[in-house]
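Visitor: Would you mind keeping the following structure in view while I ask a few things?
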Number of protein chains: 2
Amino acid sequence: MRYANFTDEPSVNQDDFFMAEAIKEAKKALALDEVPIGAVIVHGGKIIGRGHNLTEQLNDVTAHAEMQAFTAAANFSGGKYLKDCTLYVTIEPCVMCAGAAYWTQISRIVYGASDPKRGFTQLSERIIHPKTDLLSGVKAEESTRLVQDFFMSKRNKT
Amino acid sequence: MRYANFTDEPSVNQDDFFMAEAIKEAKKALALDEVPIGAVIVHGGKIIGRGHNLTEQLNDVTAHAEMQAFTAAANFSGGKYLKDCTLYVTIEPCVMCAGAAYWTQISRIVYGASDPKRGFTQLSERIIHPKTDLLSGVKAEESTRLVQDFFMSKRNKT
């Protein structure tokens, strides 16, 4: 687990710091030839769960970065719910992951780049809990570039 | 694994048979003091994945019956996708599970009782893939009764 000396109050610097950690997770996915998306869950300035996309490794289309991170955070905290926690994820969550976020009762979601194809906001922002704060655009360019470069390299191989 | 001598063509009897199997899964959840919801995945007249709600046992709010069944079916089949498969689930899937169903590319979803609170159709039927057929109301009364009795017994205990 990584620690950081931040308070509970989100700040721009804190958001940048933790999104950089989510990007590190995305790079772990990339090293496994997975679509590079990463996520961390933060509580009280501390990362309590990490996850990266593992759909190929686990042969499971539901093994998105956020799902891994939610489960890891619940295991770490010992509680089912992620109240007072923030999810940082490099790309906008899909409908499944936003639906999962609802069940976790997470307080805040910060994502990097929007996903105009499968992002949950394309369907409805009502998927997440009305009490969950939402922020987008944190390190969006770096997050997008990772995914774009991945698909570009795939296309060049075929 | 349970086998049944059915063809690939869904029929009312086949749907009843497999929903009864999903109800057996729901009863396994009930025996663990979980909200009794169960699911099976069927391919070519054969159950290739089973699941029941395990949110308390696994301390994981994402451990819904459908998620367990999707993962089990993918493990069994060796393929990530569940094309030409049917999901039978006792209660209407939530947004998370319907979003997961989208990723699996499952051909057909049959559910028992509607969930007027958290069922995905409350938000949008567009969550599932446009090519996924949807049927509801199969053994709805039995499926509902299981859940209602569970919550009634909880209320009487407090």
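The values are calculated or read from the model by the stated rules, or taken from the named source; none is laboratory data. A quick note: this is a predicted structure, and the numbers were derived from the prediction, not measured. Glycine also receives a Cβ, built like all others from the backbone with ideal geometry; neighbour counts cover every protein chain displayed. Heavy atoms of the whole protein, side chains included, go into the accessibility calculation; ligands, DNA and RNA do not. Shrake-Rupley method; radii C 1.70, N 1.55, O 1.52, S 1.80 Å.
Visitor: Take the residues of the stretch A:64-83 that are part of a helix (DSSP H, G or I) and more than 8 Å from chain B (Cβ to nearest Cβ): which is nearest to B:Gln68 (Cα to Cα)?
Guide: In this case the residue turns out to be A:Gln68.
Visitor: Looking at the stretch B:99-123 only, could you name the residues that are open to solvent by less than 20 Å² (accessible area, probe 1.4 Å) and part of a loop (DSSP other than H, G, I, E, B)?
Guide: Once the filter is applied, which keeps residues that are open to solvent by less than 20 Å² (accessible area, probe 1.4 Å) and part of a loop (DSSP other than H, G, I, E, B), the stretch B:99-123 yields only B:Ile106.
Visitor: Out of the stretch A:135-144, which residues are among the hydrophobic types (A, V, I, L, M, F, W, C) and open to solvent by 60 Å² or more (accessible area, probe 1.4 Å)?
Guide: Listed by number, the list holds a single entry, A:Leu135.
Visitor: Filter the stretch A:70-98 down to the residues that are more than 10 Å from the chain's Cα centre (by Cα) and touching a residue at least 60 places away in the same chain (Cβ under 8 Å) and list them by number.
Guide: A:Phe76, A:Asp84
Visitor: In contact (Cβ under 8 Å) with a residue 60 or more places away in the chain and outside any helix (DSSP H, G or I), is that true of A:Leu135?
Guide: The answer is yes for A:Leu135.
Visitor: May I pose another question? Could you identify the single residue in B:Gly119, B:Gly137 that is out of contact with any Phe, Trp or Tyr (no Cβ under 6 Å at 6 or more places or on another chain) and on the phi > 0 side of the Ramachandran plot?
Guide: It is B:Gly137.
Visitor: Let me ask you something else. Look through B:Asn59, B:Asn53 and report the one residue that is among the polar types (S, T, N, Q) and crowded, with 21+ Cβ neighbours inside 10 Å.
Guide: Being among the polar types (S, T, N, Q) and crowded, with 21+ Cβ neighbours inside 10 Å holds for just one of B:Asn59, B:Asn53, which is B:Asn53.
Visitor: Within the stretch B:125-134, is even one residue within 10 Å of chain A (Cβ to nearest Cβ) and crowded, with 21+ Cβ neighbours inside 10 Å?
Guide: yes
Visitor: Another one. Here is a list: A:His64, A:His43. Which entry is out of contact with any Leu (no Cβ under 6 Å at 6 or more places or on another chain) and open to solvent by 40 Å² or more (accessible area, probe 1.4 Å)?
Guide: From the options A:His64, A:His43, the qualifying one is A:His43.
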